[in-house]
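Notes to accompany the following structure.
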Amino acid sequence: MKVGFIGLGIMGLPMAKNMVKSGFNLVVYNRSMKPVKELNAIGVEAGSSPRDVAMKCDILITMLPDSPDVQEVVLGKGGVIEGVKPGMILIDMSTISPKVSVEISEVLAESGVEMLDAPVSGGQKGAIEGSLSIMVGGKKKIFEKCMPVFKSIGKTIVLVGGNGAGETVKLCNQVICAINIVSMCEGMSLCRRAGVDVEKMIEVVNGGLGASNIIANLAPKILEGDMAPGFKLRLQQKDLRLALQLAEELNFSMPVTGLTNQIFRIAEGKGLGEKGTQALIEAYNLLG
Ligand code: NAP
């Protein structure tokens, strides 16, 4: 079985490497060439376009930033749709709008192509370690067929519903994570303003009920002044926008998510978008 992989960024590149380690025969494509060359150097075939990758594989994975990127790569000129054959499976692991995901699956179905939405959680660390949590939307039969692929990159793999349900669950996950990031930054900033040792505060909080993976992963980076992106701040803001759009479609209110989105937008406006989500602390630093 040949597997295509498009989108070799912070997440996609280590995921593709783990698939190679598990013995999958890959053909890859990315907009910029650096990660393609890195994989090429370990014997991975490079496709010349999304269309070319689709022509060469049975299962194709996309790991792209946002809904318009997936629409362009899959349905655009020179896109996946031009190279598909009936029986092929597209697994979109990007975090995008559930509505757009369903629309893409419907277009692909006309060409006999099945789609799973399978966004992930666990960050860059989980992608490198092959321990991602994968939330899948689609048909059970297709999910089961793709299980070996999922097992090569993830640990917790759950079919959560039909097409679009994976993206819905991922947006819920992102709401929970983003609010946790804001609360961590607010707590750390208050502690510093009070003149109390922030490192000691984090140590004791993470042994109690306030502990979280977010604090365990991001607080040490903040304390070291490491703002390099594991997850870009602008992508976290994108996820909050998508969650709020979904809430709007459902006529549902999410007041704290709305406020959290505004805080992330302020941080993005201050030029922090390409830094990691932990750089939200810098927006608080600006407050004094
Ligand atoms: P990223 O580092 O920005 O990577 C995105 C990749 O997609 C880049 O390599 C980019 O190429 C490529 N790309 C963009 N448009 C393309 C196109 N039209 N054709 C081909 N390649 C294209 O983002 P990421 O952090 O890996 O995130 C990817 C997705 O996973 C996002 O939906 C994100 O929300 C989600 N996610 C991220 C994390 C995390 O911790 N980072 C965790 C869970 C989920 P260039 O090199 O040319 O820019």
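The values are calculated or read from the model by the stated rules, or taken from the named source; none is laboratory data. In this text the structure is predicted, and so the values were computed from the model without any measurement. Backbone-built Cβ (ideal geometry, glycine too); neighbour counts: all protein chains shown. What goes into the accessible areas is simple: the full protein's heavy atoms, side chains included, and nothing from ligands, DNA or RNA. Shrake-Rupley method; radii C 1.70, N 1.55, O 1.52, S 1.80 Å.
Okay, here's what the table says:
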| quantity | calculated |
| --- | --- |
| Residue match in the stretch 10-24 (condition: more than 16 Å from the chain's Cα centre (by Cα) and farther than 17 Å from Leu132 by Cβ) | yes |
| Residue under evaluation Leu39, criteria (1) within 15 Å of the ligand (Cβ to nearest atom); (2) open to solvent by 30 Å² or more (accessible area, probe 1.4 Å); (3) of a type in the set (A, V, I, L, M, F, W, C), criterion not met | (2) |
| Enumeration of residues in the stretch 115-158 that are more than 16 Å from Val169 (Cβ to Cβ), within 13 Å of the ligand (Cβ to nearest atom) and among the aliphatic types (A, V, I, L, M) | Ala127, Ile128, Ile153 |
| Some residue of the stretch 59-80 being in contact (Cβ under 8 Å) with a residue 24 or more places away in the chain, open to solvent by less than 20 Å² (accessible area, probe 1.4 Å), more than 12 Å from the ligand (Cβ to nearest atom) and touching a strand residue (DSSP E or B) at 6+ places or on another chain (Cβ under 7 Å) | yes |
| Filter result (in contact (Cβ under 8 Å) with a residue 24 or more places away in the chain and out of contact with any Asp or Glu (no Cβ under 9 Å at 6 or more places or on another chain)) within the stretch 207-237 | Ser212, Ile214, Ile215, Asn217, Leu218, Lys221, Ile222, Asp226, Ala228, Gly230, Phe231, Gln236 |
| Residues that are away from the ligand (no atom under 14 Å from the Cβ) and open to solvent by less than 10 Å² (accessible area, probe 1.4 Å), drawn from the stretch 84-103 | Met88, Ile89, Leu90 |
